[in-house]
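Below is one structure, written out as structure tokens; the observations come after it.
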Amino acid sequence: PLLPAPLDHVLLQADLTAVAPGPLERELAAALGTVADVESKGGATVYRFTPASVRRALDAGRGAADLHAFLAAHAHTPVPQPLSYLIDDVARKHGVLRVGAASSYIRCDDDALLAEVLADRRSAPLRLRLLAPTVLASPAPPDQLLERLRGMGYAPAAESAEGDLVLTRADIHRTPPRTPPDPVPEGPPRPDATLLGAAVRAVRAGDHAATLPHKPKPPASPAPDGGLPRTVMAETLAAMQSATLAGSPLWIGYVNADGAASQRVIAPVKVEGGFVTAYDHTAEEVRTYPLHRITGVAEVTED
């Protein structure tokens, strides 16, 4: 009850504006917002009529006569002459150019043949529309239009966007070109720097393990030249524990899971659970070895 009552009229002015002295009724505000643009708001709202706003109302389906009648019915002032001229001028140009969508067309100089195609019931799915006495338009793609017309018994020909006749030839099936295979180099590939470095370290560690003086612990049997040291499990375990406490290296014989035997020089760090963790001078890293795969141990001489 404290708000002002909605108004059903506006005041038209000669400068192509309309003033609403208060809040308008919902229908009037919506209709006026279609034909004019809001220029300012406040206690009174100012609407301005422009060619774009009038064209917007015409695009919405309003005619020039409808706009004149609408303004005359809701204006407490006479409709200014400039506003009437603006509406009539925009309405005179509106719709002269038409824009639509067409995916394909049929062009023929024979008007009777086009009329026959248009009247044929079999062409109903093509939704043909007569644009000119010699042109029919369809939303169907050109390939579907050609196929449908040929199914109806006609012999249409396709043309390009420039109007040239599009020629179609039978597909020629040929073997695609083959690329020669990459040549296979003779012999093994050249090793990189990482592989060469690992090979050098392995050779040096093997030479070191083979030529390092060692003394077998009694009652261990001395190993022949190039053979693996041989000790019983109790002596092997005792030697590992002693070397762990003293921090001394050991010369061991080791057989891996594949049965390959090798000689290694290790520095034991920890012995537990049937495994020995040691620094392997051959691999230059810390590794873990099962005790049951160690054939024997020998102390490395200090010199």
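The values are calculated or read from the model by the stated rules, or taken from the named source; none is laboratory data. Values in this document were obtained by computation on a predicted structure and should not be read as measured data. Ideal geometry is used to build each Cβ from the backbone, glycine not excepted, and the neighbour counts take in all protein chains shown. Accessible surface areas use protein heavy atoms only, side chains included; no ligands, DNA or RNA. Shrake-Rupley method; radii C 1.70, N 1.55, O 1.52, S 1.80 Å.
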Exercise for the section: Output yes when any residue across region 135-152 is of a type in the set (Ser, Thr, Tyr), surrounded by 10 or more Cβ atoms within 10 Å (Cβ to Cβ), farther than 30 Å from residue 64 by Cβ and modelled with pLDDT under 90, and no when none is. Expected result: no
Problem - Test: residue in region 120-134 that is among the acidic types (Asp, Glu) and open to solvent by 40 Å² or more (accessible area, probe 1.4 Å) - result: no
Exercise for the section: Restrict the check to region 171-187 and report whether at least one residue is open to solvent by 90 Å² or more (accessible area, probe 1.4 Å), among the β-branched types (Val, Ile, Thr) and either at pLDDT 85 or above or assigned to a helix (DSSP H, G or I) (or both). Expected result: yes
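Test residue 239 against the criterion of being of a type in the set (A, V, I, L, M) and buried (at least 18 other Cβ atoms within 10 Å of the Cβ), and give yes or no.
yes
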